[in-house]
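A short write-up of the structure that comes next.
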Amino acid sequence: MKWTDVQQIAEELYDKFPSFDPARINFVDLHNMVVELDGFDDDHQRGGEKVLEAIQQAWIDEAS
């Protein structure tokens with residue numbers, strides 16, 4: 001997975017952390033959760049605020 005795989009990342013986060021409320025996560029924690037996902041293979045420095053916002057929203061949508 002790459003940072004651009006927003007929907008896939010959100011689905012993986014939902015599956016790995018089903019009881020976690022994505023609306024309450026800070027971006028530092030979200031970044032760390034993403035880079036620790038199995039299959040994530042991208043430059044850890046590229047996960048900026050805009051992509052993290054997109055991942056967070058997709059995860060919220062997935063959890064709804």
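If r is the Cβ-Cβ distance from residue 17 to residue 61 and R0 is 25 Å, what FRET efficiency results, to the nearest 0.05?
Values: r = 15 Å, r/R0 = 0.60.
My answer for the efficiency is 0.95.
Give me the mean projected area, in nm² to one decimal, of the convex hull enclosing the Cα positions of the chain. Write down the numbers at each step before the final one.
Values: hull surface 14.4 nm².
That works out to 3.6 nm², a quarter of the Cα hull's surface.
We did not get these values from a lab; they are worked out from the coordinates using the rules stated. What you see is a predicted model, and the numbers here were worked out from it, not measured in a lab. A quick note on method: Cβ atoms are made from the backbone with ideal geometry, for glycine too, and the neighbour counts reach across all protein chains shown.
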